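Undergrad: Encoded as structure tokens, here's the structure I'll be asking about.
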Amino acid sequence: MVRNYSAFCLSLLLTALLVLPARRAAAQELLTEVTVKAENVTITDPQLLNSMKNDVTQFLNNRRWTNDVYKPEERIKCSVYIGITSIPSNGQYIATARVFSRRPVYGTSYETTLMSYAESWKFTYLPGQPLDFSENSYVNNLSSLLSFYALTIIGMDQDSFAPLGGSRTFDRARNILQTAASQNQDGDEGWKDNGKRDQRSRYWLLSGLQDPQLQSLRSASYSYYRQGLDIFIQKPEDARTSIFIALQGVKESAERRPGSTLIKAFFETKADEIANLYRSSTSPELKQSVVALLQEVDPTSSAKYQAILQPK
């Protein structure tokens, strides 16, 4: 009995030793490629751009943003482009920022764009000064910008795997937005309501994601990705049907919020992909329905959608 008890305790100890390192090895959520360039502005310190790139990369990639467990291969691939357009004073920057994220499609090597958004940033950056993060207090505008987009990327990824799965993460992004709106010292108006709903800014990006009138757009994410693209190899026509249901949700949101930046961003990202998905469909009726819907809700890409009806 003593020997069996000792063996049982040893087994528990070995199990604990094996499990603990596995938890510590859980990967961060983001795998971000950062690019920093000077656009029509002179940078006197040649190391500045590399320093900013490295600090932004480490800030995004070396931090756990949620309590979810991600395997290394499950990290969300994304990219951040910062194009410096002006330096009003030493250490202060105005830049054009572009944020992208990608999502793997189950059972394939294909990666679909999940998020693509561009806006103007204003921030202070001093090489050698660490970028800190505090979710409940303002540190500086650059860390707030990066934190906001990190959570928005994760929330949109969560929406694609579960219906409205990113809601709690978007609430955290809202906390960062509200804190930065009241405390940032860089004069960055992108945190606030400027009355222009169709303008590209992080305020309108998050407001759209949390707008009840655009909930059908968010719900469409799950239909489009998880019930659509992820089963496309196994059941292509079922996948196209699910994606059509998703597009009906997008249309519903577009009717409720004409000119929404989220609707525009969706079709800028997805027009070519959608056209390719339906071009080889075996259902003429589905093709006709899809093209009619798309030409109504996204007339600027009408020629791309019309190609769906062309003979293969």
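None of the figures in this text is laboratory data; all of them are computed from the coordinates on show. Because the structure is a prediction, the values reported are computed rather than measured. Methodologically, a virtual Cβ is constructed for each residue, glycine included, from the backbone with ideal geometry; neighbour enumeration extends over all protein chains shown.
Undergrad: Just to be sure before I move on: is residue 144 of a type outside the set (Phe, Trp, Tyr), out of contact with any strand residue (DSSP E or B) (no Cβ under 9 Å at 6 or more places or on another chain) and not in a strand (DSSP E or B) in the structure I sent?
TA: Numbers: of a type outside the set (Phe, Trp, Tyr): yes; out of contact with any strand residue (DSSP E or B) (no Cβ under 9 Å at 6 or more places or on another chain): no; not in a strand (DSSP E or B): yes.
No: the conditions fail for residue 144.
Undergrad: Here is a further query. Hey, residue 187 hits all of (1) more than 17 Å from the chain's Cα centre (by Cα); (2) surrounded by fewer than 22 Cβ atoms within 10 Å (Cβ to Cβ); (3) at negative phi but one; which does it fall short on?
TA: The single condition residue 187 does not satisfy is (3).
Undergrad: Turning to a different aspect of this structure: What's the number of the condition residue 57 fails, among (1) at negative phi; (2) not in a helix (DSSP H, G or I)?
TA: In the conditions (1) at negative phi; (2) not in a helix (DSSP H, G or I), residue 57 misses (2) alone.
Undergrad: A further question follows. If residue 203 passes every condition in (1) touching a residue at least 40 places away in the same chain (Cβ under 8 Å); (2) closer than 29 Å to residue 133 by Cβ but one, which one does it miss?
TA: (1)
Undergrad: Further question: So, residue 270, is that one closer than 18 Å to residue 224 by Cα and within 22 Å of the chain's Cα centre (by Cα) or not? Before the answer, list the steps.
TA: Values: closer than 18 Å to residue 224 by Cα: yes; within 22 Å of the chain's Cα centre (by Cα): yes.
So residue 270 fits the description; yes.
Undergrad: Among what's in the range 121-134 and is more than 16 Å from residue 150 (Cβ to Cβ) and crowded, with 17+ Cβ neighbours inside 10 Å, pick the residue that is farthest from the chain's Cα centre (by Cα). Let's see the steps before the verdict.
TA: Applying the first criterion (more than 16 Å from residue 150 (Cβ to Cβ)) to the range 121-134 yields 122, 124-130.
Next, from what is left, pick out any that are crowded, with 17+ Cβ neighbours inside 10 Å: 122, 125.
Values: 122: 20, 125: 24 Å.
Among residues in the range 121-134 that are more than 16 Å from residue 150 (Cβ to Cβ) and crowded, with 17+ Cβ neighbours inside 10 Å, the one farthest from the chain's Cα centre (by Cα) is 125.
Undergrad: Pick from the range 23-54 the residues that are assigned to a strand (DSSP E or B) and of a type in the set (Val, Ile, Thr): which of them is surrounded by the most Cβ atoms within 10 Å (Cβ to Cβ)? First the steps, then the outcome.
TA: First, pick out the residues of the range 23-54 that are assigned to a strand (DSSP E or B): 27, 30-38.
Filter once more, keeping what is of a type in the set (Val, Ile, Thr): 32, 34-36.
Details: 32: 25, 34: 20, 35: 14, 36: 23.
Going through the qualifying residues, I end up with 32.
Undergrad: Considering 287, 251, which residue is among the basic types (Lys, Arg), in contact (Cβ under 8 Å) with a residue 24 or more places away in the chain and in a helix (DSSP H, G or I)? Step through it out loud before you land on a result.
TA: Numbers: 287 fails: in contact (Cβ under 8 Å) with a residue 24 or more places away in the chain.
Just a single option satisfies the conditions, and that option is 251.
Undergrad: Is there a residue being more than 21 Å from residue 215 (Cβ to Cβ) and either in a loop (DSSP other than H, G, I, E, B) or touching a His at 6+ places or on another chain (Cβ under 6 Å) (or both) anywhere in the range 166-184?
TA: yes
Undergrad: OK, next. Among the residues of the range 192-244, count how many are part of a helix (DSSP H, G or I) and buried (at least 16 other Cβ atoms within 10 Å of the Cβ). Steps first, please.
TA: Restricting attention to the range 192-244, the residues satisfying the condition of being part of a helix (DSSP H, G or I) are 202-209, 212-225, 229-231, 236-244.
This time we only want the ones that are buried (at least 16 other Cβ atoms within 10 Å of the Cβ), so: 202-209, 214-225, 229-231, 239-244.
So the answer is 29.
Undergrad: Is it the case that some residue within the range 70-83 is surrounded by 14 or more Cβ atoms within 10 Å (Cβ to Cβ), in contact with a strand residue (DSSP E or B) (Cβ under 9 Å, 6 or more places away or on another chain), of a type in the set (Lys, Arg) and not in a strand (DSSP E or B)?
TA: The answer is yes, given that some residue of the range 70-83 is surrounded by 14 or more Cβ atoms within 10 Å (Cβ to Cβ), in contact with a strand residue (DSSP E or B) (Cβ under 9 Å, 6 or more places away or on another chain), of a type in the set (Lys, Arg) and not in a strand (DSSP E or B).
Undergrad: Given 167, 182, 160, 144, which one is over 23 Å from residue 52 (Cα atoms) and either in contact with a Lys or Arg (Cβ under 8 Å, 6 or more places away or on another chain) or surrounded by 24 or more Cβ atoms within 10 Å (Cβ to Cβ) (or both)? Walk me through how you get there before you give the answer.
TA: On the way: 167 fails: either in contact with a Lys or Arg (Cβ under 8 Å, 6 or more places away or on another chain) or surrounded by 24 or more Cβ atoms within 10 Å (Cβ to Cβ) (or both); 182 fails: either in contact with a Lys or Arg (Cβ under 8 Å, 6 or more places away or on another chain) or surrounded by 24 or more Cβ atoms within 10 Å (Cβ to Cβ) (or both); 144 fails: over 23 Å from residue 52 (Cα atoms).
Answer to the selection: 160.
Undergrad: Does the range 261-274 contain any residue that is exposed (fewer than 15 other Cβ atoms within 10 Å of the Cβ) and farther than 25 Å from residue 98 by Cβ?
TA: no
Undergrad: What number of residues within the range 115-160 satisfy the criterion of being over 23 Å from residue 27 (Cβ atoms) and of a type in the set (Asp, Glu)?
TA: Count: 1.
Undergrad: Sticking with this one: Report, by residue number, each residue of the range 279-312 that is basic (Lys, Arg) and farther than 23 Å from residue 258 by Cβ.
TA: Going through the range 279-312, the residues basic (Lys, Arg) turn out to be 279, 287, 304, 312.
279, 287, 312 - these are the residues of the range 279-312 that are basic (Lys, Arg) and farther than 23 Å from residue 258 by Cβ.
Here's the yes/no breakdown for (1) touching a Gly at 6+ places or on another chain (Cβ under 8 Å); (2) aromatic (Phe, Trp, Tyr); (3) without any contact (Cβ under 8 Å) to a residue 40 or more places away in the chain; (4) within 26 Å of residue 274 (Cβ to Cβ):
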{"position": "70", "(1), (2), (3), (4)": "no, yes, no, no"}
{"position": "73", "(1), (2), (3), (4)": "no, no, yes, no"}
{"position": "76", "(1), (2), (3), (4)": "no, no, no, yes"}
{"position": "81", "(1), (2), (3), (4)": "no, yes, no, yes"}
{"position": "89", "(1), (2), (3), (4)": "no, no, yes, no"}
{"position": "97", "(1), (2), (3), (4)": "yes, no, no, no"}
{"position": "101", "(1), (2), (3), (4)": "no, no, no, yes"}
{"position": "114", "(1), (2), (3), (4)": "no, no, no, yes"}
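Undergrad: Output yes when any residue across the range 59-69 is among the aliphatic types (A, V, I, L, M) and surrounded by fewer than 15 Cβ atoms within 10 Å (Cβ to Cβ), and no when none is. Spell out the reasoning first.
TA: Of all residues in the range 59-69, those among the aliphatic types (A, V, I, L, M) come to 60, 69.
Narrowing the set further to residues that are surrounded by fewer than 15 Cβ atoms within 10 Å (Cβ to Cβ) leaves 69.
Checked the range 59-69: at least one residue is among the aliphatic types (A, V, I, L, M) and surrounded by fewer than 15 Cβ atoms within 10 Å (Cβ to Cβ).
Undergrad: Next question, about the same structure. Between a first residue in the range 159-181 that is touching a residue at least 24 places away in the same chain (Cβ under 8 Å) and closer than 13 Å to residue 136 by Cα and a second residue that is surrounded by fewer than 15 Cβ atoms within 10 Å (Cβ to Cβ) and charged (D, E, K, R), which pairs have beta carbons less than 8 Å apart while being 6 or more apart in sequence or on different chains?
TA: 172/135; 175/135; 176/135
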